[in-house]
1. Calculate how many DSSP beta bridges within segment 2-240 are antiparallel, expressed in % of all such bridges and rounded to the nearest 5.
2. Longest span of the chain, sites excluded, free of GluC sites (Glu not before Pro) in DSSP loop with at most 11 other C-beta atoms within 10 Å?
3. Could you tell me the relative contact order of segment 85-222? Use alpha-carbon pairs under 8 Å, at least six residues apart, and round to a whole percent.
4. Under 5 Å between amide hydrogens, which residues at least 5 positions from Q23 or on another chain qualify, with H placed 1.01 Å from N in the peptide plane?
5. Once both axes come from the Cα atoms, what is the angle between helix 9-19 and the longest principal axis of the chain, in degrees from 0 to 90, rounded to 10?
6. Please order D134, D113, D43, D162 by the number of other Cβ within 10 Å, starting at the fewest.
7. Return the sequence-ordered ³J(HN,Hα) values of segment 157-166 in whole Hz as given by the Karplus equation 6.51 cos²θ - 1.76 cosθ + 1.60 applied to θ = phi - 60°, using x for Gly and Pro.
8. For Cα pairs less than 8 Å apart in space and 6+ apart in sequence, what is the mean separation divided by the residue count of segment 2-240, i.e. the relative contact order in percent?
Amino acid sequence: MLIARNLPEAAAKILRGLRKDYQVAFEPFRARGIEINLLKIQDLECVLKGRDPFKNVSEFPFWVKLWEAALVLADVAATLPLESGPRLLELGAGLGAPGLVAAARGFEVTLSDYEERVLNFQRVSAAASNLKVDCRFLDWQRPPVLTPFNTIIGAEILFRDDLLPPLLALFDRLLAPGGAIYLCHDLRRKTLYRFLDLAQADYTIKARKIELSSGEEKNEVLLNCLTRKEAGSRASRPLDS
């Protein structure tokens, strides 16, 4: 409650609106010594209603949960070299943990998603963490004119085959020369492999498989780094080691 009382009025107003629809609370999120305050939904089952993120892809609200892939991507964001360029875009950011971690590092961050309520979660979390980020509605098929970004990141954004060509076109449009794209997904997501098959024509792709354990439950995610073949990667990247 102390965090909520200290919010700027604009963020406090947004929070009051979100509380009319969801049971929410601030939770500390840490990545390599960086701590942010993340606004999260507490009654997830009331929102998910038993839907499966692998079977009910078209109707699953991916944004409501902090996925294992987002945890890995936040760790990457905590180690990205600032000298690679300050501008960073998180696509399909959802709760926005990776992008907020990058903002805490000093990057100029744009968090993007397709629903205004998702952006409102991001705005409140940024305010609660004393961070300045640009929260922007972004339709991959009809993107606005934006200055290219040095780094583009995304966790669990490859869930529909029909959106793969628009996403690749978006990358071509928004990735600055010499830039890099970091994507992280559950290994069970079949669309991931179809995307990588399409992307390899224009991008050099590095991959790392990471296993996360929570009690008896184990999840495997694949972290990919994409760089344009004609430009290559001029800065040291976390996947180089």
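Any read-out appearing in this document is the output of simple, stated calculations on the displayed coordinates, not a laboratory observation. Remember, predicted model here, so these are calculated numbers, not experimental data. Cβ placement follows ideal geometry from the backbone for every residue including glycine, while neighbour counts extend to all protein chains displayed.
1. Values: 26 of 43 bridges.
Just about 60 percent of them are antiparallel.
2. Numbers: sites that count: E216, E230.
That would be 1-215.
3. Values: 215 pairs, mean separation 27.5, N = 138.
Averaging sequence separation for qualifying contacts and normalising by length gives 20 percent for segment 85-222.
4. Here the answer is Q42, D43, since their amide H atoms fall under 5 Å of that of Q23.
5. 80
6. Ascending Cβ contact count within 10 Å gives the list D162, D43, D134, D113.
7. Along segment 157-166, the couplings run 9, 9, 10, 9, 4, 5, 9, 5, x, x Hz.
8. Value for segment 2-240: 18 percent.
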